[in-house]
Amino acid sequence: MAKILITSGPTRQYLDPVRYLTNSSSGKMGVALCGAALDRGHRVVVVSGPVNVEYPAEAERIDVVTTDEMLEASRRAFADCDGLIGAAAPCDYRPRRVAEQKIAKTGQPLQLELEETVDIVATLGLAKRIDQWTVGFALETEDPRFRALAKLERKACDLIVLNGPQAMTSETNEIEILDRTGTVIAVAEGPKRRVADAILAEIDRRLVGRESRPS
Ligand code: C5P
């Protein structure tokens, strides 16, 4: 049995009190992963951005809004976890300046200057202990396996789940799981819960109870 941290859903980065940037993400894959992990006897902590889905009651749920909040909550929770599944779609950019009052329309174009937010999977992956593991997701539209492997390396993941853009907000998903050599170790398609079961089966087989060390 392991204690697993799952990040799920989108995050928001506000430009003024009412407007924000976000990502298209429903949290449905996170819900499916929570259910699959719990059914296999694992304990689950889910750090979730704003979503309209319900996580299983047995999962410990921590709600956040921004990418920085997701990072801080995940960092704290991960210290007490064996592994991370990064299923969230955190907003990658934030406005350099956040207006305190609602930005009034002027009839002119509005220019926003954006800076990158921190990558949560990379931050946790690069700092993980020898006994911890991390699994990331990659949503790619070109050279999918090549880009997914590059992402796995950059973020020091033990496994990466490759899915296509049709996965977003959908009830179904179609995935490949790649290991650190770039080998496709499993494929799955169908309802997100079936796909989540396949992902947890590989995690149990290859990561739970094993020492992992990024090579
Ligand atoms: O770089 P990209 O966003 O394509 O990588 C996707 C993976 O990285 C997912 O596992 C996602 O949860 C994670 N991620 C993250 N923090 C970010 C951006 C992405 O943890 N700021």
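A Förster distance of 22 Å, applied to the separation of the beta-carbon atoms of R145 and E58, puts the FRET efficiency at 0.05. Placing +1 on the Cβ of every Lys and Arg and -1 on the Cβ of every Asp and Glu, with nothing else charged, gives segment 118-181 a dipole about its Cα centre of roughly 320 debye. Across the chain, the relative contact order, built from alpha-carbon pairs under 8 Å that are at least six residues apart, equals 21 percent.
Of the residues N52, A73, C91, the one whose Cα sits farthest toward the positive end of the charge dipole of segment 25-112, with +1 on the Cβ of Lys and Arg and -1 on the Cβ of Asp and Glu, is C91.
Rg and Dmax over the alpha-carbon atoms of segment 26-162 stand at 17.1, 57 Å.
Charge tally for V18 (other residues, Cβ to Cβ under 15 Å; Lys, Arg +1; Asp, Glu -1): +2. Could you please state, rounded to a whole Å, how far the C-alpha centre of segment 129-182 is from the C-alpha centre of segment 38-94? Centre-to-centre (Cα) distance: 18 Å. Considering only DSSP beta bridges with both partners in the chain, what is the antiparallel share in %, to the nearest 5? Given both bridge residues lie in the chain, the antiparallel proportion sits at roughly 40 percent. Extents of segment 88-152, largest first, come to 53, 30, 15 Å (Cα atoms, principal axes, whole angstrom). Got a sec? Charge dipole of segment 119-215, +1 on Cβ for Lys and Arg, -1 for Asp and Glu; which of A188, A156, N173 is way out at the positive end? Looking along the dipole axis, the top candidate is A156. Shown in residue order for segment 94-103 are the 3J(HN,Hα) couplings computed by the Karplus curve 6.51 cos²θ - 1.76 cosθ + 1.60 at θ = phi - 60°: 10, x, 5, 10, 10, 6, 6, 10, 4, 5 Hz (x for Gly and Pro). Evaluated with a Cβ-only charge set (Lys, Arg +1; Asp, Glu -1), segment 7-126 carries a dipole of roughly 360 debye about its Cα centre, given to the nearest 20.
Shown is the FRET efficiency for E153 and L112, computed with R0 = 30 Å from the Cβ-Cβ distance and rounded to the nearest 0.05: 0.40. Comparing I6, S25, I130 along the charge dipole axis of the chain, the residue lying farthest to the positive side is I130, per the Cβ-charge model. Computed about its Cα centre, the charge dipole of segment 102-215 is approximately 280 debye, with only Lys, Arg, Asp and Glu carrying charge at their Cβ. Were the residues from N23 through E72 laid out at 0.36 nm apart, the gain over their Cα-Cα distance would be 15.7 nm. The phi torsions of segment 6-12, fed into the Karplus equation with coefficients 6.51, -1.76 and 1.60 and a -60° offset, translate into couplings of 10, 8, 8, x, x, 10, 10 Hz, rounded to whole numbers, with Gly and Pro shown as x. Other residues whose C-beta falls under 12 angstrom from the C-beta of I103 contribute a net charge of +2, scoring Lys and Arg +1 and Asp and Glu -1. Using a 7 Å offset from Cα along Cα-Cβ at Y14, what residues in segment 65-82 end up with backbone N under 16 Å from the label point? Counting backbone N atoms under 16 Å from the label point, the list is 65-70. The packing ranking, built from the mean of other Cβ atoms within 10 Å per residue, places the peptides 47-56, 21-30 in the order 21-30, 47-56, highest first.
Coordinate-derived values only; no laboratory data. Since the model is a prediction, treat every value here as computed from it, not as a measurement. Cβ: placed from backbone, ideal geometry, glycine included. Neighbour counts: every protein chain shown.
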